[in-house]
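What follows draws every value from the coordinates through simple rules; no lab data is involved. From a predicted model like this one, the values you see are computed outputs, not experimental measurements. Quick reminder, even Gly has a Cβ in these numbers, built from the backbone with ideal geometry, and neighbours come from all protein chains shown.
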Amino acid sequence: MPKLFSQEWVDEYIKAINSNEEYEKSAKDWEGDFLFVIEPDEELEEPKYVYIDLYHGKARKGFVVSDPSEVNPEFEFRGKFSSWKKLLDGEIDPIKGLITRKFVLKGNMAKVMKYTKAAKLLVECTKQVETEM
């Protein structure tokens, strides 16, 4: 069972995204990559960074990033580790997480808001990955 936000977890997440037909349809016109920033809190000592390249309903690649200056994504989605756990457990969705400031998005918010269904389906894909927290 892969540890959350490890490279093994990212690889399984990519497989889940690429096998989800509903996501593929809802993001068929999407072009944009993300850096997910997992900020430390009482449960996590060091920040973690995950890069995902999404293009027309598929994940072209994804990997753990050790230095965020190594990538130049169109979007950055960041939040505390405890908020990420709630998101992945289905307690909050990504859009409500932004509205309640559990997460911060850097990038074109209007573009993201056109693809809210795709964003929710990306979170649903995480549930297909057996995960060790």
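Values computed for the structure shown
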| item | result |
| --- | --- |
| Residue list for the stretch 93-121, restricted to those being outside any helix (DSSP H, G or I) and either acidic (Asp, Glu) or within 15 Å of PHE34 (Cβ to Cβ) (or both) | ASP93, PHE103, VAL104, LEU105, LYS106, GLY107, ASN108, TYR115 |
| Failed criterion for THR131 (all others in (1) more than 26 Å from LYS25 (Cβ to Cβ); (2) surrounded by 12 or more Cβ atoms within 10 Å (Cβ to Cβ); (3) of a type outside the set (A, V, I, L, M) hold) | (1) |
| Extreme residue, surrounded by the fewest Cβ atoms within 10 Å (Cβ to Cβ), among residues of the stretch 83-128 that are in contact with a helix residue (DSSP H, G or I) (Cβ under 9 Å, 6 or more places away or on another chain) and among the acidic types (Asp, Glu) | GLU91 |
| Some residue of the stretch 82-96 being over 18 Å from THR131 (Cα atoms) and in contact with a strand residue (DSSP E or B) (Cβ under 8 Å, 6 or more places away or on another chain) | yes |
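To keep it simple, each residue is scored yes or no on (1) of a type in the set (Asp, Glu); (2) within 13 Å of the chain's Cα centre (by Cα); (3) assigned to a helix (DSSP H, G or I).
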residue	(1), (2), (3)
VAL10	no, yes, yes
LEU35	no, yes, no
ASN72	no, no, no
GLU91	yes, no, no
